[in-house]
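Student: A single structure is presented below for examination.
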Amino acid sequence: MHIENLQVFLDLVESKSFSQAARMNGITQSAVSQQLRSMERRFEALIIDRSQKQFRLTPEGQRLYDTAREILHSYNTLCADIEELRNVVSGTVRLATIYSVGLHELPSYLKRFMQEYPDVNIHVEYRRSNHVYEDLQNNAVDLGLVAYPEARPELEIVPFQHDRLVVVAQAGHPLAARADLDPRELADHDLVGFDPDIPTRQATDRILAEVGVRVEPKMVFDNIETVKRAVEIGAGLAVLPEATVEHEERNGLLSSIPFRDIEHRRPIALLYRKDRVLTPAMRRFVELLGGRAPRQGQTAAEAEKEAASQPADGVS
């Protein structure tokens, strides 16, 4: 039995999907089934209970899963340690990001990272926020970037940036030339927004609720580019991160108007599983985005605390 077989088995258990485990490992669904049967023959035991409609491990399968996780963690730690000793930064970093961050905040960081580490492959997937969490949970990606990060016991949260939320209008809209805007004024205008389950939409609803305004968007979409196109054609106003409309403002298509008296900021964070062994490439990427990559066995919070206690530029 090879390390690769254990990885396929772990991916199968965590995704509960033969097809997804196949995609994650670059093999066919039939090959995943064959590997499972081979493991059952090797241990002379049923690993997955096939009598149930739901995916369920047998007691033997659970024991195999727990031990396989320990073996793979030790193996991945060994590989990462050897790479560090050899000062090798290579391999692949799999990243899932929400559209607004991936299209507007991330590109400059990706360009810099690829220039500094040309031997690293960065694979980026653009996903809805809930799918980023699923990808991390299922080990389909190494790192995730989301807005309004949700605290989960299995995930580390590394703060990245804070976007300012602004009202966005078509360039010729009566409000476009305003220096600022009271959020209560939005009650008098049509709004374009995100689907209700998207965190930025939920934040917009909270902003309006705080001033006693409830507005049901005239149109809703699942990604920021479509929202901007709807605003451009005059379908309504929208509340969006300021950085995401810079291009349209420069080209005279959209105008952004700050909220009056108070700034509403959208937190963005990098996420990864606490049990994830960070390769040198992953660690460098975390550090490039402003975080302190933890050593093995150290949490992100402990790494940040350690960094804060160090003298700046080597001066005590």
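Student: Indicate the gyration tensor shape class of segment 162-266 (rounded, prolate or oblate), computed on the Cα atoms with a ≥ b ≥ c the square roots of the eigenvalues: a/c under 1.5 is rounded; otherwise a/b larger than b/c is prolate and the rest oblate. Could the numbers behind the result be given before it?
Tutor: Numbers: a/c = 1.31, a/b = 1.15, b/c = 1.14.
The shape class here is rounded.
Student: Here's another thing I want to ask about it. Out of (1) 22.3; (2) 20.3; (3) 21.0, which label holds the value of Kirkwood radius over Cα pairs in Å that was computed here?
Tutor: Comparing each candidate, only (1) matches the computed number.
Student: Hand me the trypsin sites (Lys or Arg not before Pro) from segment 166-273 located in a DSSP loop with no more than 11 other Cβ atoms within 10 Å, in residue order please.
Tutor: Working: sites: R178, R184, R201, R206, R214, K218, K228, R229, R250, R260, R265, R273; in loops: R178, R214, K218, R260.
Answer by residue number: R214.
Student: Straight distance only, please: which aspartates and glutamates reach the Cα of K228 with their own Cα at less than 13 Å, same-chain residues fewer than 8 apart left out?
Tutor: Hits, sequence-local ones excluded: E242, E246, E248, E249.
Student: What's the longest uninterrupted piece of the chain once you rule out the GluC sites (Glu not before Pro) that are loop residues per DSSP with at most 16 other Cβ within 10 Å?
Tutor: Of all site-free stretches, the longest is 155-262.
Student: What list do you get for T244, T58 if you sort them by fewest beta carbons within 10 Å? Present the calculation step by step, with values, prior to reporting the outcome.
Tutor: Values: T244 24, T58 15.
Going from sparsest to densest Cβ surroundings: T58, T244.
Student: Going by amide H atoms built from the backbone, whose H comes under 5 Å of the H on F221, apart from near neighbours?
Tutor: Amide H neighbours of F221: G193, F194, D195.
Student: Test of the criteria: in segment 53-104, which trypsin sites (Lys or Arg not before Pro) are in a DSSP loop and have at most 10 other Cβ atoms within 10 angstrom of their Cβ?
Tutor: Working: sites: K53, R56, R63, R69, R86, R94; in loops: K53, R56, R86.
Counting only loop positions with at most 10 other Cβ atoms within 10 Å, the trypsin sites (Lys or Arg not before Pro) in segment 53-104 are K53, R86.
Student: Once the Cα atoms of helix 59-85 and of the chain are each reduced to a long axis, what angle between those two axes, in degrees from 0 to 90 to the nearest 10, is obtained?
Tutor: 70 degrees
Student: Separate question: Between rounded, prolate and oblate, where does segment 24-72 land on the alpha carbon gyration tensor, with a ≥ b ≥ c its root eigenvalues, rounded for a/c under 1.5, else prolate if a/b exceeds b/c? Provide the component values of the computation, followed by the final result.
Tutor: Details: a/c = 1.44, a/b = 1.10, b/c = 1.32.
Since a/c stays below 1.5, the shape of segment 24-72 is classed as rounded.
Student: Report, in degrees rounded to the nearest 10, the 0 to 90 angle that the Cα long axis of helix 3-15 makes with the longest principal axis of the chain.
Tutor: 50 degrees
Student: In addition: For K16, which lysines qualify as cross-link partners when the Cα separation must be under 23 Å and same-chain residues fewer than eight apart are set aside?
Tutor: The reachable lysines, counting only those whose Cα sits under 23 Å from K16, are K53, K274.
Student: Once a ≥ b ≥ c are taken as the square roots of the eigenvalues of the Cα gyration tensor of segment 3-85, is the result rounded (a/c under 1.5), prolate (a/b larger than b/c) or oblate (a/b not larger than b/c)? Can you show the working numbers first?
Tutor: On the way: a/c = 2.18, a/b = 1.60, b/c = 1.36.
It is prolate, given that a/c is not under 1.5 and a/b is the larger ratio.
Just so you know, all these numbers are worked out from the coordinates, no wet-lab data involved. Keep in mind that this is a model prediction, so the values were computed, not measured. Positions of Cβ are backbone-derived with ideal geometry, glycine not excepted, and every protein chain shown enters the neighbour counts.
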